[in-house]
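Single-structure report; data block below.
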Amino acid sequence: MRKGRLYSFLFTDPFDNRSCPISDSPSASDQMIGVGDGVKTVFQLIKHYGNGAAGYSRPITKPKENSVIIAVDGTKLDAEEFVLDGLTGQVTFHVAPSLGETVSAGFEFDIVARFDTDFLDM
């Protein structure tokens, strides 16, 4: 159906598919995605893993529609206050967050997957 390696598809990883622990529901304070400077209006959805030097920040490019919750300095925003690009995971604000305001997000997401072989021997 996917023609082997030719086409990618969206996959929901049952063990890592949201901004919070898998047993919880996403909230607007799950992941810090940036700090306002009064000018910047575009922020990338990110999921952070680990701490310190061993930590890793993963860009989220395929958020699930209607699952993204955004907050600025802890105040949840209405959906009309930002635009989400579902293909890139970028959040664009109509008004830039002020200098020093933290931008956080909660979300569910898929990953882009592809088979690594053209045939399955059974």
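The values are calculated or read from the model by the stated rules, or taken from the named source; none is laboratory data. All of these numbers come straight from a predicted model, not from anything done at the bench. Every residue, glycine among them, receives a Cβ derived from its backbone with ideal geometry; neighbour counts consider all protein chains shown. Please note that ligands, DNA and RNA were not included when accessible areas were found on the heavy atoms of the full protein model with its side chains. Shrake-Rupley method; radii C 1.70, N 1.55, O 1.52, S 1.80 Å.
List of remarks:
- Principal axis dimensions, largest first and in whole angstrom, of the chain by Cα: 58, 30, 26
- FRET efficiency estimate (nearest 0.05) - Cβ-Cβ, residue 78 to residue 8, R0 41 angstrom: 0.80
- Among 23-35, 91-103, 49-61, sorting by the average number of other beta carbon atoms lying within 10 angstrom of each residue, highest first, gives 23-35, 91-103, 49-61.
- Per-atom-type breakdown for segment 39-122 gives carbon and sulfur 54% of the accessible area (1.4 Å probe, protein chains only).
- Phi to ³J(HN,Hα) by Karplus 6.51 cos²θ - 1.76 cosθ + 1.60 over segment 48-58, Hz, x for Gly, Pro: 9, 10, x, 9, x, 5, 7, x, 9, 10, 9
- Restricting the trypsin sites (Lys or Arg not before Pro) of segment 47-122 to loop positions (DSSP other than H, G, I, E, B) with no more than 14 neighbouring Cβ atoms within 10 Å leaves 114.
- Computed lengthening from residue 17 to residue 116, 0.36 nm per intervening residue step minus Cα-Cα distance: 33.5 nm
- Using θ = phi - 60° in the Karplus curve 6.51 cos²θ - 1.76 cosθ + 1.60, the 3J(HN,Hα) couplings for segment 74-87 round to x, 9, 5, 8, 6, 4, 6, 8, 8, 10, 9, 8, x, 8 Hz; x is entered for Gly and Pro.
- Sparse packing (at most 10 other Cβ atoms within 10 Å of the Cβ) combined with a DSSP loop state is found for the following GluC sites (Glu not before Pro) in segment 1-95: 65.
- Rh by Kirkwood over Cα pairs, then Stokes-Einstein D for segment 73-119 at 0.692 mPa s and 37 °C, µm²/s: 242 µm²/s
- Taking only alpha carbon atoms, segment 2-57 gives an Rg to Rh ratio of 1.08, where Rh is the Kirkwood radius.
- At the residue level, residue 13 shows approximately 40 square angstrom of accessible surface with a 1.4 angstrom probe and all protein chains present.
- Here the chain is assigned +1 on the Cβ of each Lys and Arg and -1 on the Cβ of each Asp and Glu. Its dipole about the Cα centre then comes out at about 360 debye.
- Solvent-accessible area per residue in the chain equals 65 Å², computed with a 1.4 angstrom probe and all protein chains kept.
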